[in-house]
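Report on the structure given below.
The values are calculated or read from the model by the stated rules, or taken from the named source; none is laboratory data. All of these numbers come straight from a predicted model, not from anything done at the bench. All Cβ positions, even for glycine, are placed from backbone atoms using ideal geometry, and neighbour counts span all protein chains on display.
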């Protein structure tokens, strides 16, 4: 706490020096206490407010992916294929497939879809972290006000 007080005598200086020492000691103790509290609460905070929502989101995405990719017949369809060792013009078939290029629009659409899914999850995690920090700040302020 910085004050601009006018000290006129040696007794006032000694008294102010004593107050500064007490304030410094109180700040050190409060800092040590807040570190201890943070260490004690960090594990449960991360588990409850970060790991569980993120895990739930991952499980939800996996379930959604499985639901969307499942086929509706139930029984697999086996198709017969004919092996061709040469092209119709007589050139030999070398077995290499030409790589298929994915349409840029499809790639962009899938990136946007993933973003639309991930942004609310990230916002929820950030909101939870901010809420927890605000609660801790309010609790610290309340304790400081009670001690004065």
>> Restricting to segment 92-119, count the residues that are farther than 30 Å from residue 64 by Cα and either surrounded by 10 or more Cβ atoms within 10 Å (Cβ to Cβ) or modelled with pLDDT of 75 or more (or both).
In response: 1
> Quick check: is even one residue across segment 58-72 at pLDDT below 80 and more than 31 Å from the chain's Cα centre (by Cα)?
Replying inline: yes
>> Six or more apart or on different chains, Cβ atoms under 6 Å: show the pairs whose first residue is in segment 111-131 and at positive phi and free of Cβ contacts under 8 Å to residues at least 40 places away in the same chain and whose second is assigned to a helix (DSSP H, G or I) and surrounded by fewer than 10 Cβ atoms within 10 Å (Cβ to Cβ).
In response: none
>> Return the residues of segment 2-25 that are surrounded by 10 or more Cβ atoms within 10 Å (Cβ to Cβ) and either part of a loop (DSSP other than H, G, I, E, B) or in contact with a helix residue (DSSP H, G or I) (Cβ under 8 Å, 6 or more places away or on another chain) (or both); say none if nothing qualifies.
In response: 7
